[in-house]
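Notes to accompany the following structure.
The values are calculated or read from the model by the stated rules, or taken from the named source; none is laboratory data. From a predicted model like this one, the values you see are computed outputs, not experimental measurements. When we count neighbours, we look across all protein chains shown, and the Cβ atoms used for this are built from the backbone with ideal geometry, even at glycine. Surface accessibility is based on the protein's heavy atoms, side chains included, excluding ligands, DNA and RNA. Shrake-Rupley method; radii C 1.70, N 1.55, O 1.52, S 1.80 Å.
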Amino acid sequence: MTGGFCVPVLLAAWLAAAAAEGLEQAALPAEESRVQPMTASNWTLVMEGEWMLKFYAPWCPSCQQTDSEWETFAKNGETLQISVGKVDVIQEPGLSGRFFVTTLPAFFHAKDGIFRRYRGPGIYEDLQNYILEKKWQSVEPLTGWKSPASLTMSGMAGLFSISGKIWVSTYKQLYLKIYIFKE
Ligand SMILES: *[C@@H]1O[C@H](CO)[C@@H](O)[C@H](O)[C@H]1NC(C)=O
């Protein structure tokens, strides 16, 4: 692994929402990036063809560690015949709920509407092999109610947003700590 995971995503998302203004968005210029940002309104594009998705938060150090690798992966997307996307969990808490994202960064593989969690290090070589050697075939797909595509998950996406709001008031102390860590 390249470093650890970030804090549970919903907690983090709502912390960031609370502390939003001051945080700089460290990102590559959009015109140079081949990584496609996905939102609640167009994420269903990933139901067709082959995709890899990365869930991240702008301020999450272990997410940033894999940024350049993810970019390289996207630049080679045409050769690998894959689309490469990213989801900002701060902007898209509903999508994070739908994909059951609880740690950051979180990676998913999607092929023809079948979703799998990619648990590798997120470095280019490994991502390339994952696609070229079809390593995803040996990973159990997300099925039934756990699949992001399921109807139940539409409900879950809403539920996550709501419980996220509740957690903000319950975990004040915890996200104070996260905030200090962030500084
Ligand atoms: C999805 O929508 C966002 C926001 O409008 C846009 O920036 C992005 O390019 C879209 N992604 C795709 C794959 O069309």
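All other residues whose Cβ lies under 10 angstrom from that of Ile82 are scored, Lys and Arg at +1 and Asp and Glu at -1, for a net of -1.
As a quick test, which of the pairs Lys86/Lys111; Lys54/Lys135; Lys86/Lys135 have an alpha carbon distance above 19 angstrom in this structure?
Too far apart for the 19 Å limit: Lys86/Lys135.
Measuring only protein heavy atoms, the 1.4 Å probe finds Val87 accessible over about 0 Å². Surface listing: Thr44, Thr39 arranged by accessible area from highest to lowest gives Thr44, Thr39, probe 1.4 Å.
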